[in-house]
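Okay, structure first, notes after.
The values are calculated or read from the model by the stated rules, or taken from the named source; none is laboratory data. Being a predicted model, the structure only gives us computed values, none of them experimental. Glycine gets a Cβ as well: all are built from the backbone with ideal geometry, and neighbour counts include every protein chain shown.
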Amino acid sequence: MPAIPITASVATLAVADPASCDRAALSELAAEALRVRGWLDAFEASIAAAAAHLAEPADVVLAADGRRSGRDARAAAERGVACELMPELHSALAAGTVSAGHVDAVARAAGRLDGD
């Protein structure tokens, strides 16, 4: 996964007080949260891909060790497959350019394709 300057976004969110923000500041915080969420979703996709390479069921690793629901873990595992097949998609997710929902839609569409 390429290096994304996520620590600055996390630091900003860690000290933010949304209750004291005006509309512009709330928009900035929402954008920072989107970047962090995208990075975390991309990181989780990398965990899923690594688990699959170890012949571990990615959804089980994410559900048991990541304390995710089975449904969320399966979605993250499918996201990991899509991101591994399309590194540009993974980079866009990590940067917050696309959301996990976008990647999930690509993964669903890819799952319906036949081998040809």
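Filtering segment 60-72 to residues that are part of a helix (DSSP H, G or I) and surrounded by fewer than 23 Cβ atoms within 10 Å (Cβ to Cβ) leaves 60, 61, 63, 64, 70, 71, 72. Looking only at segment 92-108, count every residue that is among the polar types (S, T, N, Q) and either modelled with pLDDT of 95 or more or over 10 Å from the mean Cα position of the chain (by Cα) (or both) and tell me the total. Residues flagged as among the polar types (S, T, N, Q) and either modelled with pLDDT of 95 or more or over 10 Å from the mean Cα position of the chain (by Cα) (or both) within segment 92-108 amount to 1. For segment 31-70, the set of residues classified as more than 15 Å from the chain's Cα centre (by Cα) and basic (Lys, Arg) consists of 67 only.
Yes or no: residue 48 farther than 26 Å from residue 5 by Cα, in contact with a Gly (Cβ under 9 Å, 6 or more places away or on another chain) and in a helix (DSSP H, G or I)? The answer is no for residue 48. In segment 85-116, what count of residues is obtained for those that are under 14 Å from residue 39 (Cα atoms), in a helix (DSSP H, G or I) and hydrophobic (A, V, I, L, M, F, W, C)? Qualifying residue count, segment 85-116: 7. Among residues belonging to segment 7-23 that are aliphatic (A, V, I, L, M) and assigned to a helix (DSSP H, G or I), point out the one that is farthest from residue 94 (Cα to Cα). Residue satisfying both the conditions and the ranking: 19. If we keep just the residues of segment 74-91 that are among the hydrophobic types (A, V, I, L, M, F, W, C) and closer than 13 Å to residue 52 by Cβ, which is nearest to the chain's Cα centre (by Cα)? Looking at residues that are among the hydrophobic types (A, V, I, L, M, F, W, C) and closer than 13 Å to residue 52 by Cβ, I get 76. Of 112, 23, 35, 68, all but one fail to be touching a Ser or Thr at 6+ places or on another chain (Cβ under 7 Å) and among the basic types (Lys, Arg); the exception is 35. Among the candidates 25, 55, 94, 19, the residue that is at positive phi and either in contact (Cβ under 8 Å) with a residue 60 or more places away in the chain or not hydroxyl-bearing (Ser, Thr, Tyr) (or both) is uniquely 55. There is at least one residue in segment 26-39 that is out of contact with any strand residue (DSSP E or B) (no Cβ under 7 Å at 6 or more places or on another chain) and farther than 18 Å from residue 6 by Cβ. Only a single criterion out of (1) in a helix (DSSP H, G or I); (2) closer than 27 Å to residue 109 by Cβ is not satisfied by residue 56, namely (1).
Does residue 72 meet the test of being within 26 Å of residue 7 (Cα to Cα) and of a type in the set (D, E, K, R)? It is true that residue 72 is within 26 Å of residue 7 (Cα to Cα) and of a type in the set (D, E, K, R).
Condition test on residue 94, is it in contact with a Phe, Trp or Tyr (Cβ under 8 Å, 6 or more places away or on another chain) and not polar (S, T, N, Q)? Spelling it out, residue 94 is indeed in contact with a Phe, Trp or Tyr (Cβ under 8 Å, 6 or more places away or on another chain) and not polar (S, T, N, Q).
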